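Here's the structure, in structure tokens; my notes come after.
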Amino acid sequence: SDLHRPGAIGDILMTLNMIPALREANPGVEIHYFCHASLAEPDALGRIILEAGCDLVLDAAALPHWRKGYSRVIDLVGYPLAEGYPEKPMRRHLLDYFADEMGVSRQSLSLRRPPRPRDVPATPYVTIQTKAGWSAYKEWAPEKWEAVREHLRRDGIETVLLGESQGRTLWESICVFSNAIIHIGIDSFANHLTNYIWDGKRIGAVILWGSTQPSAAGYEHNINVYKNPECGPCFRENPRISQMPRGVCINPPGQVYENPQHKCMADITVEEVLKAVRAQWNEAR
């Protein structure tokens with residue numbers, strides 16, 4: 001059996017929740033996962049795809065050559081284009097759409113926690129993810145993030161940044177995340193890691209939402225900070241890379257993408273984020 005999802009990182013991580021159920025429903029069948037070559041590497045997502053229960057991870061570019069040899073090929077789309085996405089909000093959670101395509105029910109993936117990386121504090125720490133690969137409209141102002149980090153420093157809470165700029169591989173970032181006490185971030189890959197169960201326990205999170213839809217891509221066990229503006233969710237992405245570009249943010253009007261002013265995120269305050277973080281921290285401790 002073959003699963004085909006080239007990317008993005010968060011979408012692949014979501015689909016992995018259902019691998020154990022897919023295996024149980026198809027005993028004795030090998031499961032191969034085709035994704036973008038850069039994500040198939042062990043130091044990217046290759047290792048976690050195998051840990052989830054797949055037998056082989058392969059380059060999506062090679063699928064045309066392999067396709068005829070499979071009894072079943074599942075091209076994972078997830079996003080409900082037939083229902084009007086991205087012009088309309090999603091009626092259900094993305095996990096449900098992916099699960100339907102795989103013929104199973106929505107699940108949470110259970111994994112062993114990988115070893116604690118050497119480059120993180122020896123004391124309990126919080127991970128923070130501030131950058132999103134597909135849309136600046138998912139992001140919060142850098143000076144607000146720095147204010148949150150400074151307040152947490154004064155509280156004696158160590159923070160560790162996740163993201164390409166930190167010089168870690170994707171797999172190393174996953175290791176850092178899974179050994180944290182809680183996570184703070186946005187709708188990006190680490191948000192989807194919060195649905196996984198690591199050695200019997202989830203990593204609680206505070207997730208800030210801008211252009212996307214917390215009811216479709218967030219998780220109820222997190223604290224989801226969302227202003228629910230009339231213009232949202234707009235699903236607007238970087239027009240240079242989006243496969244479904246919807247233009248520049250209209251609230252407030254007159255913006256350029258390179259200098260986003262999106263009200264959905266601008267209205268989120270440092271104080272309300274800190275309140276949520278302290279609540280999650282105290283619960284996790």
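Quick check: from the Cα gyration tensor, does the chain come out rounded (a/c under 1.5), prolate or oblate?
Cα axes put the chain in the oblate bin.
What number in nm² do you get for the range 3-139 if you take the convex hull of its Cα atoms and divide its surface by four?
With every direction weighted equally, the projected area is 10.5 nm².
Using a 1.4 angstrom probe, figure out how much accessible area the chain has per residue, in square angstrom, rounded to the nearest whole.
In whole numbers, the chain has 47 Å² accessible per residue.
For the range 192-256 and the range 58-87, write down the distance between their C-alpha centroids in whole Å.
The range 192-256 and the range 58-87 have Cα centres spaced 24 Å from each other.
Mind checking the alpha-carbon convex hull of the range 148-285 and giving the volume per residue in Å³?
With only Cα atoms used, the range 148-285 gives 137 Å³ per residue.
May I ask what percent, to the nearest 5, of DSSP beta bridges between residues of the chain are antiparallel?
Antiparallel: roughly 5 percent of the beta bridges in the chain.
How about residue 68: which aspartates and glutamates have a C-alpha closer than 20 Å to its C-alpha, ignoring those fewer than 8 places off in the same chain?
Leaving aside aspartates and glutamates fewer than 8 places away in the same chain, those within reach of residue 68 are 2, 30, 55, 59, 101.
Find the relative contact order for the chain and round it to a whole percent, using C-alpha pairs within less than 8 Å whose residues are 6+ positions apart.
Relative contact order for the chain comes out at 18 percent.
Is the C-alpha gyration tensor of the range 187-261 telling us rounded, prolate or oblate? Criteria: a/c under 1.5 is rounded; beyond that, a/b larger than b/c is prolate, otherwise oblate.
prolate
Could you please state how large a percent of the accessible area of the chain is carbon and sulfur, counting protein chains only and using a 1.4 Å probe?
That share works out to 51 percent.
For the range 241-285, just the Cα set please: Rg and Dmax, both in angstrom.
Radius of gyration, then largest Cα-Cα span, for the range 241-285: 16.1, 45 Å.
Taking the Cα centre of the chain as origin and charging only Cβ (+1 Lys, Arg; -1 Asp, Glu), how large is the dipole, in debye to the nearest 20?
The dipole of the chain has a size of about 300 debye.
Cross-link partners among aspartates and glutamates for residue 275, C-alpha distance below 15 Å, same-chain residues fewer than 8 apart left out?
Those aspartates and glutamates meeting the cut-off are 150, 155, 283.
Does the range 5-82 classify as rounded, prolate or oblate by the C-alpha gyration tensor (a ≥ b ≥ c root eigenvalues; a/c under 1.5 gives rounded; else a/b over b/c gives prolate, otherwise oblate)?
It is rounded, given that a/c, with a ≥ b ≥ c, falls under 1.5.
Spelling out what I want: for every residue of the range 162-175, take phi, set θ = phi - 60°, compute 6.51 cos²θ - 1.76 cosθ + 1.60 (Karplus), and round to whole Hz; glycine and proline get x.
Karplus values, whole Hz, x for Gly and Pro: 9, x, 4, 5, 8, x, 9, 6, 4, 4, 5, 5, 5, 5.
Given 12, 36, 114, which one lies farthest toward the positive end of the charge dipole of the range 1-120, if we put +1 on the Cβ of every Lys and Arg and -1 on the Cβ of every Asp and Glu?
With unit charges placed on the Cβ atoms, the residue in question is 114.
Let me spell out the model: positive unit charges on the Cβ of Lys and Arg, negative unit charges on the Cβ of Asp and Glu, origin at the Cα centre of the range 85-202. What dipole size does that give, in debye rounded to 20?
Approximately 320 debye in magnitude.
With angles folded into 0 to 90 degrees, how steeply does helix 270-284 sit against the dominant principal axis of the chain? Use alpha carbons for both and round to 10.
Here the helix axis deviates by roughly 60 degrees.
The values are calculated or read from the model by the stated rules, or taken from the named source; none is laboratory data. Everything quoted here is computed from the prediction, not taken from an experiment. Neighbour counts are summed over all protein chains in view; Cβ atoms, including those assigned to glycine, are modelled from backbone coordinates with ideal geometry. Side chains included, ligands, DNA and RNA excluded: accessible areas come from the protein's heavy atoms. Shrake-Rupley method; radii C 1.70, N 1.55, O 1.52, S 1.80 Å.
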